[in-house]
Each structure stands twice: as structure tokens, then as C-alpha cells.
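*Asks:* Pasting a structure below so you can have a look.
No lab work stands behind these numbers, since they all come straight from the coordinates. What you see is a predicted model, and the numbers here were worked out from it, not measured in a lab. Reconstructed Cβ throughout: ideal geometry from the backbone, glycine too, with neighbour counts over all protein chains shown.
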Ligand SMILES: Cc1cc2nc3c(=O)[nH]c(=O)nc-3n(C[C@H](O)[C@H](O)[C@H](O)COP(=O)(O)OP(=O)(O)OC[C@H]3O[C@@H](n4cnc5c(N)ncnc54)[C@H](O)[C@@H]3O)c2cc1C
């Protein structure tokens, strides 16, 4: 008899993991607290669209659904920086113009992964089931449903229930020495809209991720297939100029007019969007271990929520699915060892990604506006082109390769040290040569 997995959460990672487990022949029950996304269930509190890149696409390819998922995705070839005067600067993501990230709709991707899972006969999906508690030792899960409460048992439970995971909360309550740390940014986010032009086209460059960097805060916009853009304002919750102090129509109009003057004419529903859309918080969650014996395992945001500034949370969650699948294959007869190996392969990388994501917020909101930053990006691309394979910019490693995050971060630090030392040495040699030359000129023989 194949083992039975109970999965909690049919979000992006839950659907994909169910497909991987189904392919391996396991019996899978996937429980989701929301209604079926195919019935127009809006995934509230999360972004409408996301950037998917190499790691995420690889995971979709392994299960044969990448083409299907990417059919409506929009390639973004670089960052389009909007300064306050409305001037635009385009910075490609990579020296190779074919390398791009892709804007993809969360709801359609969610549907694609769930349908991929449902192709396997032993995968069953149950919507409108909210998990309220898990007993790790028995792999038993309790649910609230529209018709009453029920309990499901499996050989193992996987918590794929996002940043505020009920499965992880049960592990915290029941497992001794379970480590947990959460840290919130002082910034929140709010989604806004740039609708399509009257002819259905995109009002600003379609194939770019737009950024309005304003030092301590920023707005970004990602294209959607219907000609619209979803904008996200990342701004302080509190402070003299913040979500807390900007409430009335006049205050909102004034803030956007001062900071994003070129975007305002493109946002006819700005005031309604600002008032009606929720302000989300941004959290980094670290915990350990991600498993309990052969009974419970955590994956995706439930194990390692990161802030969204590297566009890697979902990509990392999809990469988790690939690694867990490999571990279950390697230790087919010892699930605890499979969980332990999965945890040891992923934990350091998730921690590295969490740091990179926070660091990239500072880069996006502050540094992208500066000439020095743009010059460094050009130097990065020059070095990548002249030293192929030897020099890889950090962004390239994170976004366009599957080099483990921790290794990419270490390699980037080393590259930066070598680059800095080389530049300092070259400057010193230049100064020395100049001094010798000037010395010769002032003492003609
Ligand atoms: C503003 C923003 C922008 C982002 N942009 C990007 C991006 O561009 N690229 C990228 O890679 N990542 C991005 N991310 C991160 C990405 O959204 C997450 O990493 C990804 O959704 C994680 O997938 P998951 O399946 O682990 O969790 P989720 O997608 O959160 O899914 C969890 C599922 O579990 C269900 N659930 C929760 N609790 C229960 C319960 N008690 N019982 C039953 N079901 C439950 C939920 O309803 C949900 O369906 C962004 C995040 C934010 C906030």
C-alpha cells in the first residue's frame, strides 16, 4: 500500500507538491480552507501577479506543465526606473537579452498546479476545509468545514499552508525545542491598478518591471495579460509620511502627485484602490526543524516566508517541491530520513534567501535610482560577458540559475572582494604611474 500524505493548503506550492507526490504513486488528500480558485476565489492578501524565473520554471518543467503555465505570462527583460521628473532609465536584467523574468497571474498558476495534481488518480482535493489543529505524533488533522468538523489521518502531513501556517503552529505547541522567529518590516504594501488603454494595449512599456524608487519607499508595477498593470506601493506603516498619515483623498492625491507624477494620470481608480485595498504586512519567518519524525513536514512559506523583493518566495517554494521529491525517491523506505535530508538541503538556502530578499529592498527602493548603481550593473554585465562562467552577478545567480541560494550569496561576496581589490590596485597603479610621469616632467633631463 502506498503511503498516504495529507497536505494542508492548496496554494502555489501545495498544488505542485500534490502533483509530484501523485506522480510518485502516493495517496494524497489536499485540504484548502478557501473555495476552489476556478470558482473565482480571489487569493486575498497576496499579490495578484508574481515574477517566475528559472527555479520556478524548472519545477514546473519537471512535472510537464511549464508551457501550460507560461502560456499567458509576460516576459520582463529588465527594470524600467521612473525618476521623479518622469525620466525613464531601462536596466536589463542580464547581459543576455533572452534572459527575463515572467509576470504570471497567481490565480491562473494556482489553477494550473491544482489541475496538474488532479490528473493523478490518487490525488483528491477538498476545498472549504480549514485546518484548525494537527497532532504531529499521529499525523492527524482537524478541520472546520461548512457542514461541521472532521478529522483526517495520514501516514504523514505536509504543511503547505503559507506564512501563517496552522501546521507550523501545531508543531510549535507540540514539539519541544521547536525554534521559531518572525520579523516584520516597518513597511506594508498596497496594490493599485493601471488599467489598459482604450484599445486594450499597455499604457507603459509592457516587457519590463517598472520601479519608482524613492529612497525609503517605492512603487513597482508588473504587467498583466489584459493590458493592465498591478502596482504595489511599499511604504512605511507609521511616520510623518506613511500609510498612517495619508487617509483623505487630498492627502493621497498630494502624496502621489509629489512622488509619482508620471503614474497618476494612468491610475484613474487610484483613490478607490487606495481606500478599498488592504494594506498587507511583510514578514520573514525562520523556524527549525521543518519536520517531525516521519509524520510532519513543512514546505514553502510555511517553512520560510521571505519578503518579496527578490521575487523568489514562490520560486523557492517550487524548488522545495523538487528537492523533497528527490529525497523521497532517495529514501523511499525511510520517510524520516527523506524529511531530514530535505531539511538539511533547504534550510541554509532559505536563510540565505531571507537575507538576500531584505537586502534587495534597499537596492530597489534606493540604489536603482543612482548613477553609481547603473554603472555597477553595466560593469557586472561587462565582466559576465568577458569572463563567461567565471563571473556571475548575484542577481543572475539567484534568478537565472539553480545555484543554491547560500552558495550564490557566498560566491557574490567573494567576487565583490576580488573586484574591489582589483579596482583599488588598478587605481593605485594608475596614481603611481601618474606620479612617476609628473616627476619626470618636473625634472627634465
Ligand atoms: C506582495 C507579494 C509579492 C510577491 N511576489 C512574488 C514574486 O514576484 N515571485 C515569487 O516567487 N514570490 C513572490 N511572493 C511570495 C509568494 O507569494 C509566496 O512565496 C508563495 O505564495 C508561497 O507559496 P505557498 O504555497 O507556500 O503559500 P501560499 O501561496 O500562501 O498558499 C498557502 C495556502 O494554504 C491555505 N491555507 C492557509 N491556512 C490554511 C488552513 N489553516 N487550512 C487550510 N488551508 C490553509 C491558503 O488559503 C493558501 O491557499 C510575493 C509575496 C507577496 C506578499
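*Asks:* Taking a spot 7 Å from the Cα of residue 337 along the direction of its beta carbon, which residues of the stretch 282-306 have an amide N less than 14 Å from it?
*Replies:* Residues 294 qualify, since their backbone N sits under 14 Å from the label point.
*Asks:* Something else: Relative contact order for the stretch 318-445 using alpha-carbon pairs under 8 Å, separation at least 6, rounded to a whole percent?
*Replies:* Computed value for the stretch 318-445: 19 percent relative contact order.
*Asks:* Using only alpha carbons, build the gyration tensor for the chain and give me the equivalent ellipsoid semi-axes, biggest first, whole Å.
*Replies:* Whole-Å semi-axes of the equivalent ellipsoid: 42, 29, 20.
*Asks:* Which whole-number percent gives the relative contact order of the chain, counting Cα pairs below 8 Å spaced six or more residues apart?
*Replies:* That works out to 18 percent.
*Asks:* Rounded, prolate or oblate: pick one for the stretch 242-395, where a ≥ b ≥ c are the square roots of the eigenvalues of its C-alpha gyration tensor, a/c under 1.5 means rounded, and failing that, prolate if a/b is larger than b/c, else oblate.
*Replies:* Cα axes put the stretch 242-395 in the oblate bin.
*Asks:* May I ask you to list the residues of the stretch 387-415 whose amide nitrogen lies under 17 Å from a point 7 Å from Cα along the Cα→beta-carbon direction of residue 98?
*Replies:* Under cut-off, by backbone N: 388-389, 400-402.
*Asks:* Now a separate question. Expressed in nm to one decimal, what extension gain is obtained for the pair residue 441 and residue 366 from 0.36 nm per residue of sequence separation less their Cα-Cα distance?
*Replies:* Here the segment from residue 441 to residue 366 would lengthen by 22.5 nm.
*Asks:* While we're here: For the chain, modelled as a Gaussian network with Cα springs under 10 Å, which listed residue fluctuates most, 213, 289, 388?
*Replies:* The residue with the greatest mean-square fluctuation here is 388.
*Asks:* Have a look at 169, 91, 375 and tell me which one the Gaussian network model of the chain (Cα, springs below 10 Å) gives the largest fluctuation.
*Replies:* Judging by the Gaussian network model, the answer is 375.
*Asks:* Among rounded, prolate and oblate, which fits the stretch 80-127 when a ≥ b ≥ c are the square roots of the eigenvalues of its C-alpha gyration tensor, a/c under 1.5 means rounded, and a/b larger than b/c means prolate?
*Replies:* oblate
*Asks:* Can you put 339, 217, 237 in order, fewest other beta carbons within 10 Å first?
*Replies:* 237, 217, 339
*Asks:* Moving on. By its C-alpha gyration tensor, with a ≥ b ≥ c as the square roots of the eigenvalues, how is the stretch 87-222 shaped: rounded for a/c under 1.5, else prolate for a/b larger than b/c, else oblate?
*Replies:* In terms of gyration-tensor shape, prolate.
*Asks:* Additional query: Output the relative contact order of the stretch 169-271, whole-number percent, from Cα pairs under 8 angstrom with separation of 6+ residues.
*Replies:* Contact order relative to length: 25 percent.
*Asks:* Right, another one. What's the extension gain from residue 418 to residue 326 if we count 0.36 nm per residue and subtract their Cα-Cα distance?
*Replies:* 29.5 nm
*Asks:* Continuing with the same structure: Measure off 7 Å from each Cα along the Cα-to-Cβ vector at residue 184 and residue 83, then give the distance between these two points in nanometres to one decimal.
*Replies:* 3.6 nm
*Asks:* Would you mind putting 6-14, 97-105, 152-160 in packing order, based on average other-beta-carbon counts within 10 Å, highest first?
*Replies:* Going from most to least packed, we get 6-14, 152-160, 97-105.
*Asks:* Ranked highest first by average number of other Cβ atoms within 10 Å, how do 18-29, 305-316 line up?
*Replies:* Ranked from most to least packed, the peptides come out as 305-316, 18-29.
*Asks:* While we're here: Of 368, 401, how do they rank once you tally other Cβ atoms within 10 Å and put the fewest first?
*Replies:* 401, 368
*Asks:* How do 220, 429, 211, 48 rank when sorted from fewest to most other Cβ atoms within 10 Å of their own Cβ?
*Replies:* Taking fewest neighbouring Cβ atoms as first place, the list is 429, 48, 211, 220.
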